[in-house]
1. Quick one: Karplus J couplings for region 30-44, per residue in order, coefficients 6.51, -1.76, 1.60, θ = phi - 60°, nearest Hz, x for Gly and Pro?
2. What ³J(HN,Hα) values, in whole Hz, does the Karplus curve 6.51 cos²θ - 1.76 cosθ + 1.60 give for region 86-93 when θ = phi - 60°, with x put for Gly and Pro?
3. Amide H of VAL39 versus every other amide H placed in the peptide plane: which residues, excluding those fewer than 5 positions away on the same chain, fall under 5 Å?
4. Which value, to two decimals, describes the C-alpha radius of gyration of the chain once divided by 2.2 N^0.38 Å?
5. Between THR92 and GLU62, how high is the FRET efficiency from 1/(1 + (r/R0)^6) when r is the Cβ-Cβ distance and R₀ = 30 Å? Nearest 0.05.
6. Kindly state, to the nearest 0.05, the FRET efficiency for LEU45 paired with SER70, given R0 = 25 Å and r defined as their beta-carbon distance.
7. Run through region 6-38 and list the trypsin sites (Lys or Arg not before Pro) located in a DSSP loop whose Cβ has at most 15 other Cβ atoms within 10 Å.
8. Quick one: which residues, 5 or more positions from LEU91 or on another chain, have an amide H under 5 Å from its amide H? H modelled 1.01 Å from N in the peptide plane, none for Pro or chain starts.
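No lab work stands behind these numbers, since they all come straight from the coordinates. Nothing here was measured: the structure is a model prediction, and the numbers come from that model. Note that we place each Cβ from the backbone using ideal geometry, even for glycine, and neighbour counts take in every protein chain shown.
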Amino acid sequence: MPGVTDSQQARLTAWVHGRVQGVGFRWWTRSRALELGLVGSASNLSAGRVEVVAEGPRDACEKLLAALRSGETPGHVEHVAEQWSQPKGGLTGFVER
């Protein structure tokens, strides 16, 4: 995002493809997000994907995205697609859906 500084708030939506359902992936993602002070959710989608929505400081969101791509997640991540947007607000905590 042009003009975005690390301290600005952001919303990250990431779609994680691979073997990421039924392996503790959403719990792991929730733990990482809470450590980074982010709010949002990790939800199972059709075709075995997980959607991660996180809001908070841009640098914390980038750290979560890096963790999703780190190879240290439960299961096996093949690909992570990302979308950045302005935070919508109204989220509390980080939930697994």
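1. 4, 4, 5, 5, 5, 4, 8, x, 9, 10, x, 7, 10, 10, 6
2. For region 86-93, the Karplus-derived couplings read 6, x, 8, x, x, 9, 10, x Hz, x marking Gly and Pro.
3. When sequence neighbours closer than 5 places are left aside, the close amide H contacts are GLU55.
4. Working: Rg = 12.4 Å, N = 97, 2.2 N^0.38 = 12.5 Å.
Compared with the compact-globule rule of thumb, the chain sits at 0.99.
5. Details: r = 22 Å, r/R0 = 0.73.
Computed FRET efficiency for THR92 and GLU62 comes out at 0.85.
6. Working: r = 21 Å, r/R0 = 0.84.
The calculated FRET efficiency here is 0.75.
7. Values: sites: ARG11, ARG19, ARG26, ARG30, ARG32; in loops: none.
Answer in residue order: no site qualifies.
8. Residues meeting the amide H criterion: none.
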